[in-house]
1. Kindly establish whether residue 54 is closer than 25 Å to residue 103 by Cβ, touching a His at 6+ places or on another chain (Cβ under 8 Å), at pLDDT 90 or above and of a type outside the set (A, V, I, L, M).
2. Quick one: is residue 86 surrounded by fewer than 17 Cβ atoms within 10 Å (Cβ to Cβ), modelled with pLDDT of 95 or more and either charged (D, E, K, R) or out of contact with any Phe, Trp or Tyr (no Cβ under 8 Å at 6 or more places or on another chain) (or both)?
3. Mind checking which residues of the stretch 146-168 are buried (at least 19 other Cβ atoms within 10 Å of the Cβ), among the hydrophobic types (A, V, I, L, M, F, W, C) and within 20 Å of residue 96 (Cα to Cα)?
4. Considering only residues of the stretch 102-132 that are touching a residue at least 24 places away in the same chain (Cβ under 8 Å) and among the hydroxyl-bearing types (Ser, Thr, Tyr), which is nearest to residue 24 (Cα to Cα)?
5. Looking at (1) basic (Lys, Arg); (2) modelled with pLDDT of 80 or more; (3) surrounded by fewer than 17 Cβ atoms within 10 Å (Cβ to Cβ); (4) under 29 Å from residue 70 (Cβ atoms), find the lone condition where residue 174 falls short.
6. Quick one: count up the residues across the stretch 69-101 that are in contact (Cβ under 8 Å) with a residue 60 or more places away in the chain and not in a loop (DSSP other than H, G, I, E, B).
7. Out of all the residues in the stretch 92-100, is one or more modelled with pLDDT under 85 and within 17 Å of the chain's Cα centre (by Cα)?
8. Of the residues 119, 111, which single one is surrounded by fewer than 19 Cβ atoms within 10 Å (Cβ to Cβ) and closer than 15 Å to residue 18 by Cα?
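The values are calculated or read from the model by the stated rules, or taken from the named source; none is laboratory data. All values reported here derive from a predicted model rather than from experimental measurement. Reconstructed Cβ throughout: ideal geometry from the backbone, glycine too, with neighbour counts over all protein chains shown.
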Amino acid sequence: MVDGVRGGRSTHGICYGALAWLVEAGRIGDVDVSGLATALIVRYDDDEPGSPWTIVLHVDAAGDESQRNALADVFLGRHGGPEVGVLPWVRKLSNLVDVRPDRIELVARGEGYELRIGEAVRARATRPVSSDVVVRCVIPGYDQPGHELVADELTIDDDPFAWELRDNCAFASRFDYASE
């Protein structure tokens with residue numbers, strides 16, 4: 001959302017990218033997931049009937065099996081909750097390609113972040129977009145202001161996805177997830 005106005009169609013009719021989360025502190029039931037990360041590689045086409053999401057979910061290989069399963073359950077919407085239930089890949093038709101344990105590094109750099117997911121994903125977005133508009137993401141946490149960034153690199157080689165982008169948009173925000 002830009003200045004409180006929700007967007008419409010994707011800029012080019014097809015949306016694809018990488019979304020990543022670092023859990024600073026948190027529990028899923030009795031499973032501590034503090035310090036672990038998860039990431040989604042996503043694609044959808046505005047003109048495909050129902051515009052289903054195709055996704056690969058990466059869960060932090062640093063976690064044990066119960067931690068990885070708990071993260072997958074949350075980010076695939078299996079626990080429900082008001083924040084997670086509005087995730088577009090949860091509320092709409094989606095095609096889950098795979099859940100992959102992998103090394104996930106999400107590191108603050110400059111005014112943004114660098115993301116590495118094993119050998120499959122490299123992203124670097126460290127420069128802010130110069131603008132006075134208020135930008136918010138439409139996934140949970142949109143109520144918290146974020147920072148629109150320029151992605152210097154977004155390289156994906158993660159079957160069935162493959163693309164390399166430069167100077168496209170990125171977004172960073174901090175927020176809380178909670179299921180009730």
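1. Values: closer than 25 Å to residue 103 by Cβ: yes; touching a His at 6+ places or on another chain (Cβ under 8 Å): no; at pLDDT 90 or above: yes; of a type outside the set (A, V, I, L, M): yes.
No; evaluated as a whole, the condition is false for this residue.
2. Numbers: surrounded by fewer than 17 Cβ atoms within 10 Å (Cβ to Cβ): yes; modelled with pLDDT of 95 or more: no; either charged (D, E, K, R) or out of contact with any Phe, Trp or Tyr (no Cβ under 8 Å at 6 or more places or on another chain) (or both): yes.
So residue 86 does not fit the description; no.
3. First, pick out the residues of the stretch 146-168 that are buried (at least 19 other Cβ atoms within 10 Å of the Cβ): 148-149, 151, 154, 156, 158, 161.
From what is left, the residues that are among the hydrophobic types (A, V, I, L, M, F, W, C) are 149, 151, 154, 156, 161.
Selection gives 156, 161.
4. Taking the candidates together, the pick is 113.
5. Only one criterion is unmet by residue 174, namely (2).
6. Step one: of the stretch 69-101, the residues in contact (Cβ under 8 Å) with a residue 60 or more places away in the chain are 74, 79-84, 97.
From what's left, not in a loop (DSSP other than H, G, I, E, B): 74, 84, 97.
The qualifying residues number 3.
7. Checked the stretch 92-100: at least one residue is modelled with pLDDT under 85 and within 17 Å of the chain's Cα centre (by Cα).
8. Numbers: 111 fails: closer than 15 Å to residue 18 by Cα.
Going through 119, 111 in turn, the sole match is 119.
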